[in-house]
Every structure is written in C-alpha cells, then in structure tokens.
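The values are calculated or read from the model by the stated rules, or taken from the named source; none is laboratory data. Being a predicted model, the structure only gives us computed values, none of them experimental. Every residue, glycine among them, receives a Cβ derived from its backbone with ideal geometry; neighbour counts consider all protein chains shown. Protein only, heavy atoms only, side chains kept; ligands, DNA and RNA dropped before computing areas. Shrake-Rupley method; radii C 1.70, N 1.55, O 1.52, S 1.80 Å.
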Amino acid sequence: MSRLSRTALAHLPTGVAPSYDPAAHGVGILHFGAGAFHRAHQAAITDAALAACGGDWRIAGVSLRSAELAEALASQDGLFTLIERGAQGDRARVIGAIDRVVAAHGAPEAVLGPMSDPAIRIVTLTVTEKAYGIDRSGPDADPAHPDVAADLESPATPRGVLGLLVEGLRRRRAAGHAPFTVLCCDNLPENGALLRGGVVGFARRVDPDLAKWIAAEVAFPSSMVDRITPAATEATLTLAARLTGVKDAAAIETEPFCQWVIEDRFAQGRPDWAAGGAIFVDDVAPYERMKLRMLNGAHSLIAYAGFIAGHALVRGAMADPALSVLARRHIAAAAATLDPLPGIDLDAYGDELAARFANPAIAHETYQIAMDGSQKLPQRIFAPACDAQRAGQDMRPFAFATAAWARYCMGRGEAGASHALRDPREAEIAAVVEAARNDTQALVAGLLRLPGLTPEALLGGAFETQAARILRDMLARGMVAAIAGEAA
Ligand code: CS2
C-alpha cells in the first residue's frame, strides 16, 4: 500500500482529496500545538475555507515537545486523513491546510524565523491550559512556571509559549513589520484577554517599552472551540488505510460535531473561516461559559466519577444509567448558571451534549480528560458553583464533581491499583492527600485551598461541607453506590 503524499492524491476515492491544490496557497498562520485536536478542528475549518475562498492562509505548525509528528507530516507533504465518526458511519477526508510542522524543542529559531516573516499574519494556539504559564488572577505571566522562569532568564532563546510570542513580537517590531494577531484556542475563560495579560506581563519584565507597544498594537481576539477528539491509536491508522487505500501515519479521528466561535478582531485579515462553519461574534465570553460549564464541566465529572467507577471510556460511562443521569443533572445545573444566549436553546444544546458523549464510534478515555484537573476545575466547576451559590441555586452537582476529583486525586482505584495524576500540581496534591490520610474533610479542605485554585466564596461554607460529605460516602460505599445513591 502506498503512503499518503501529494502524488497519491489523484488515486484517492472520490471526495476524499482536497478540492483545491494545497501547493498553490502560501502560509499565513503559525500554529502552536499541532496535535489531534488542532488538526480535527482549526486545520479542518481552514481547509474548508481554502477550498471555498482560497487565500494564502495555509498553516505552519509548531510542535513544542515531540518531533515525531513533524517527521510524519513532512514525509506526507503535510497531508493527513481526518475521519469523522458518528451514527451515519465513518467519513474520511484528506486535509491540505497544513504546510509543515516544525519541532520547537531546543530549536527556537525554527519558530522565531516564521514569526518574523510578515507573511505570517496570525499566530494561533492550542497548547493545553497548563502550557501557558499565566497567573490568572492578574492576568499576568507566572514567573514560577518553569518555561516562564527559564525564558525570563534568557529571553532571546525562549522555549515556552509566552517567551516565544514576546521574542517573536520584539523581532517583528524591530524589523518595522506590523504585528501578527494572536488567537488563543484553548479551553480557558476569556482566553484572548488571558493570553494578552500573560504576554504583556512577560514583556513588561524584559522590555517595558515593548510591553506598551504590544498592549497598544496587538489584537488578541477570544475564541471558543469545540470538537471531541480522542487521541489517535493504531486502530485509527488502520481505519484510515481502509477508507482511503493509502497508509497515513498521522491520521486522526473525531466526532461529526464541530463549532468555532471567534471574535472578529484581526489586524491583518483572516481566512474566510465562516465558509468552513465558524461563527463570528462581538463577544465570545457567553459561548465560552456555555461550553466550559456544560460540556467540559460534565466531561470532568464523567472523567473522575467514571474512572473510579471502572469506566475507561466516556461512552461506557454514559451507558451506565445512573452516571448518565448525573451527567444530565450536571449539564442542567451548569445551564442554570448561564444568561440566555440569543439563538441558542440551552436545553437542546444539553441534549446534544449527552448524545455526543454517548457516540458509540468515539473511544474517548476518561483518563485522558482526567488529566490536569487543577488547571480545569476553576473554569469548569468552581465558577458555575460560585454563580449557583450567589443565585441560591443547587450547588450539589458541583460539589459532587469536586468530591469525585478529590477521590481521583487520592491516586488509587477501589481495587487498589494506583494511577498517575498527570497534573502540573501533582506534588502539591500528593502532599495534601498524604497529610489528610483518610480524613475526607481535611482532604477536601486541603485541595480546595491549593493557592489560587478556588474562589474565596466557596471556602469554609456549604459547598465545602457538601463535597467532604459526598467524598466520605464515595469512600464508605464505593463510587458505584455513591453514584447510584445520588442519581436515585
Ligand atoms: C476535554 C476536552 O480533555 C478534556 O478536558 O473536556 O478536550 C473536550 O473534549 C473538548 O473541549 C471538546 O471540544
């Protein structure tokens, strides 16, 4: 079987190859974090925009850690297969929007070079919540973050996101070029303003004049991205080969649903992403809140409760009647904290979410979603819990999710098997777990009081007491019984 490449495109089944010639379009976007999520989402929408409206908007990807993806894509002329999997079956399409991916690790010039090139008009990012190094209370750069600390020491040879953006912008300004627009695509609240705070805060520490220029000249629109994309496996590659007739080492699979809501503030133009299904709005914040609280909040609940109850996959957890009731209760409680959104029926959105979680073709691991809880819970669980408390609404769904996270943080399943937490604050979490022993109140109190984690309003009151009681029940009766009792 031949390998996916430009020359193989002519031999693909009808409708699989891009309907435009990728090589005829120049690169206009630099993207940090070229993993499965980006390729199933932004790259796919950019591909549709290129097919519909053209333009020099192909993407150069930056892989911050691994060189593997860069090599796989290089040997395939940047092409990869995207498989959409849903009730209607599997649909494969080859995406031509990515020109190349460069590995940044130990090679900052590979990233700073393109950043200085005026052809790059937008820098986009999906690097996960923990990679930024932003102190959210500012927002500001967090000098305690390892990448930020290293880059403040040697700003001319950065390795982290903030350091690379600031040095890239510095060079742009020094060369007299207009700055690129910075578009954050991670699951963070008001992600444009947050990243702006981090970048300006970093710049202020190395070059206050540059910080002023960035604050005045660089646009940081917010965006909300949504597409459930599990990590690709060998089975993904086998399926891609069966659907297309060629071998693809970089194939990925995803759900049919895809949503991208973007603030339309691009200083130097942008692709016609609306042609690929994106929605442009003046203010992304209400959409972001809806998605973070309803989708991601319920996802985290399912991940922690489901993992401890023995469900490796989200779809398996949703097939458990009691857990599915809890997921729906969580979605409804999250919806109740939101202001109405013109044109959006929150009940219908919630129903659609439950169906998406249950998609039998998508094998999304609870363990994957459980990762980095300390970076996710504030916007997914604590923010809606605060609003619910203020409005006198039921906080129990949020307390249950918090207890499930605390149970997961204990690092051991009910049969005694240990699991790695995979959280940037895992040392602090482990210290709290160790000190609390099996005192559930001390454990919940300790976790909630990790510096900067939980809003003051939730500490020392009903929310904390409820979470501790629920955790005690989870330990006394087991997670399955605790879920069943809660759903009854
Ligand atoms: C998930 C998200 O891993 C997680 O934390 O909740 O990656 C989720 O699948 C996406 O945000 C869906 O758009």
*asked:* Rounded to the nearest percent, how much of the accessible area of segment 6-281 (1.4 Å probe, protein heavy atoms only) is carbon and sulfur?
replied: 52 percent
*Assigning unit charges at the beta carbon (Lys, Arg +1; Asp, Glu -1) and nothing else, what dipole magnitude in debye, to the nearest 20, does segment 180-334 show about its Cα centre?*
360 debye
*Non-local amide H neighbours of Gln268 (under 5 Å, H modeled in plane, Pro and chain starts lacking H): which ones?*
Thr181
*Just read off the accessible area of Val127 with the full protein assembly in place, 1.4 Å probe, to the nearest 10 Å².*
20 Å²
*Return one number: the angle in degrees, 0 to 90 and rounded to the nearest 10, between the long axis of the Cα atoms of helix 191-206 and the longest principal axis of the Cα atoms of the chain.*
70 degrees
*Pair His11, Ala488: separation of 7 Å Cα→Cβ label points (nm)*: 6.3 nm
*Across segment 179-184, in residue order, what do the Karplus-derived ³J(HN,Hα) couplings come to in whole Hz, using 6.51 cos²θ - 1.76 cosθ + 1.60 with θ = phi - 60° and x for Gly and Pro?*
x, 7, 7, 10, 10, 7
_Length released on extending from Ala431 to Thr238, taking residue separation times 0.36 nm less the Cα-Cα span_ = 65.2 nm
*Relative to the compact-globule scaling 2.2 N^0.38 Å, provide the ratio for the alpha-carbon radius of gyration of the chain.*
0.98
*Select from segment 408-439 those trypsin sites (Lys or Arg not before Pro) which occupy a DSSP coil region and have at most 14 other Cβ atoms within 10 Å, ordered by residue number.*
Arg422, Arg437
_Test of the criteria: in segment 251-300, which trypsin sites (Lys or Arg not before Pro) are in a DSSP loop and have at most 15 other Cβ atoms within 10 angstrom of their Cβ?_
Arg265
*Helix 234-244 versus the longest principal axis of the chain: what angle, 0 to 90°, nearest 10, using Cα atoms?*
50 degrees
*Positive minus negative residues near Gly55 (Lys, Arg vs Asp, Glu; Cβ under 11 Å)*: +1
*asked:* At a threshold of 8 angstrom on Cα-Cα distance, excluding pairs fewer than six apart, so keeping six or more, what relative contact order does the chain reach in percent?
replied: 14 percent
*Based on Cβ point charges of +1 for Lys and Arg and -1 for Asp and Glu, what charge dipole magnitude is obtained for the chain about its Cα centre, in debye rounded to the nearest 20?*
400 debye
*What are the residues whose amide H is under 5 Å from the amide H of Ala103, where those residues sit 5 or more places off or on another chain and H is modelled from the backbone?*
Ser63
*Give me the lysines in straight-line cross-link reach of Lys291: C-alpha distance below 24 Å, same-chain residues under 8 apart excluded.*
Lys130, Lys376
*Given a 1.4 Å probe, how much area per residue of segment 187-234 is accessible, in Å²?*
36 Å²
*In order through segment 358-373: 3J(HN,Hα) via Karplus (6.51 cos²θ - 1.76 cosθ + 1.60), integer Hz, x for Gly, Pro*: 8, 2, x, 8, 9, 9, 9, 6, 4, 5, 5, 6, 5, 4, 6, x
*Along the charge dipole of segment 285-487, which of Ala399, Ala468, Tyr367 sits closest to the positive end, that is, farthest toward it, with unit charges on the beta carbon of Lys, Arg, Asp and Glu (+1, +1, -1, -1)?*
Ala468
_For segment 443-461 and segment 258-312, what is the centre-to-centre distance using only Cα atoms, to the nearest Å?_
26 Å
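Any chance you could run the full-extension gain for Cys53 through Ala481? It's 0.36 nm times the residue separation minus the Cα-Cα distance, nm to one decimal.
So the extension gain works out to 148.6 nm.
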*asked:* What number does segment 6-281 give for Rg over Rh if you use C-alpha atoms and the Kirkwood radius?
replied: 0.97
*List every residue whose amide H lies under 5 Å from the amide H of Ile134, counting only residues 5 or more places away in sequence or on a different chain, with H placed 1.01 Å from N in the peptide plane.*
Asp142
*Cα gyration tensor shape for segment 285-487, rounded if a/c is under 1.5, else prolate or oblate*: oblate
*Taking the alpha-carbon centroid of each part, what is the distance from segment 184-225 to segment 106-137 in angstrom?*
11 Å
